[in-house]
Amino acid sequence: MKRLRIGVIGAGTIAQVEHIPNLVRLKDHFEVVGVADPSKISRDFVAGKYGVRTFEDANALLAEKLDAVVIASPDMLHHEQVMAALARGLHVFCEKPLCYSPAEIAEIAAARDKAGKVVQVGYMKRFDPNYQLALQHLPGKAKTLRYISVEVNDPDAWPFIRHHDHNRGSDIPRDLIDKAVAKQKAQVAKALGGEPDALTHRGFTSALSSALVHDVNAVHGILEKLGIGDGEIVGGQIFAGGDGAQGAVRLLDGQALWNMVHLTVPQLADYKERIALYFDDAMIEIVFPSPYLNHQPTTVTVAKSDGHVLHRTELRGGYEEAFIEEMKGFWRAIVEGEPVRNTPEHAARDMRLLIGLAHHHAKGR
């Protein structure tokens, strides 16, 4: 088995709780060369916990002898870091959102093609064994689809990471934070075609691009399976100070509607993420646990009726952890040439929809 030399850029929550320990666990697939982060607190934690080398600057890590890199840095740094990695001839796994702007994603796709490397986006739900099972057991076809519902409530991780060892740094230099904030502001303005008001900015970068993007990608995977293309945005609202976002998409010339909502409920230790599809004579419901609760199975339920008799069938395809499976998929794409499951083109489709929702919200203000 070929072992890839890999680096990790960013040592925040997602890297400490998932990516670094998962890469260390997958020792037959990856050798973790080092982790880069501007926080000394975070660097010291991962060095002490996992025995890996650390770097204060991402470019110092990229100068090492690497095959690939995982980018888990703040969203506004993704574009420049992906481009820098590709320029050095490295394969790239980048957390979602890949970029705010489809134009920047197109630049990444062009650089990927020029370098002949793999770029995979961190949508782990596509690797969930029970999501995959749901795709195989959709109880209807495009011509019978009537409605898609996405509902998510999330307290933003804190109840679900207490049992994980982590120590996110609070010592990042102020000038780096200010530069990142300015960079994000410019990128959002580019994506939305102008500088948005404060509510739209926060909702677009948080509830939409950092949260609902996962479900948009998952539903796009279902629509691909059904052979359904993009629809028409007919609703979009950002609310709760940017902690909530809602969208509605008209599908199949009005035959079906896709409604979606994400809300952070900051002081409620509960998480629900539900995707339900209703067909003429059946329904399938996919309920995801908090992503930080590893090996907790996603539940898939198919409901059908025989006259007055309702039948519910629960499907379960396994307990494999989606975060681990996506890293295995990244390895297979590099080593075995397996098609990349989450491409920049997929990310661009997702971001075009989220940009449309933000525009719809802004027009209604």
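The values are calculated or read from the model by the stated rules, or taken from the named source; none is laboratory data. Worth saying up front: this structure is predicted, and the values here are computed from it rather than measured. For neighbour counting, all protein chains shown are included, and Cβ atoms are generated from backbone atoms with ideal geometry for every residue, glycine included. Just the protein is used for accessible areas: all its heavy atoms, side chains included, with ligands, DNA and RNA removed. Shrake-Rupley method; radii C 1.70, N 1.55, O 1.52, S 1.80 Å.
Computed quantities for the displayed model
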quantity	calculated
Long-range neighbours under 7 Å by Cβ, at least six apart or interchain, first residue on the phi > 0 side of the Ramachandran plot within region 214-229, second open to solvent by less than 30 Å² (accessible area, probe 1.4 Å)	227/142
Within region 304-332, tally of residues that are open to solvent by 20 Å² or more (accessible area, probe 1.4 Å) and of a type in the set (A, V, I, L, M)	3
Residue in region 290-303 that is most open to solvent (accessible area, probe 1.4 Å), counting only those that are within 15 Å of residue 315 (Cα to Cα) and of a type outside the set (Ser, Thr, Tyr)	296
Residue count for region 107-133, restricted to those that are assigned to a helix (DSSP H, G or I), touching an Asp or Glu at 6+ places or on another chain (Cβ under 9 Å) and not charged (D, E, K, R)	4
Which numbered condition residue 235 fails, given (1) assigned to a loop (DSSP other than H, G, I, E, B); (2) in contact with a Leu (Cβ under 9 Å, 6 or more places away or on another chain); (3) among the small types (Gly, Ala, Ser)	(1)
Scope region 93-131; condition more than 11 Å from the chain's Cα centre (by Cα), aliphatic (A, V, I, L, M) and under 30 Å from residue 297 (Cβ atoms); matching residues	118, 119
Residue match in region 119-142 (condition: touching a helix residue (DSSP H, G or I) at 6+ places or on another chain (Cβ under 9 Å), of a type in the set (A, V, I, L, M, F, W, C), open to solvent by less than 40 Å² (accessible area, probe 1.4 Å) and at positive phi)	no
Any hit, region 252-264, residues being outside any loop (DSSP other than H, G, I, E, B), among the hydroxyl-bearing types (Ser, Thr, Tyr) and open to solvent by less than 10 Å² (accessible area, probe 1.4 Å)	no
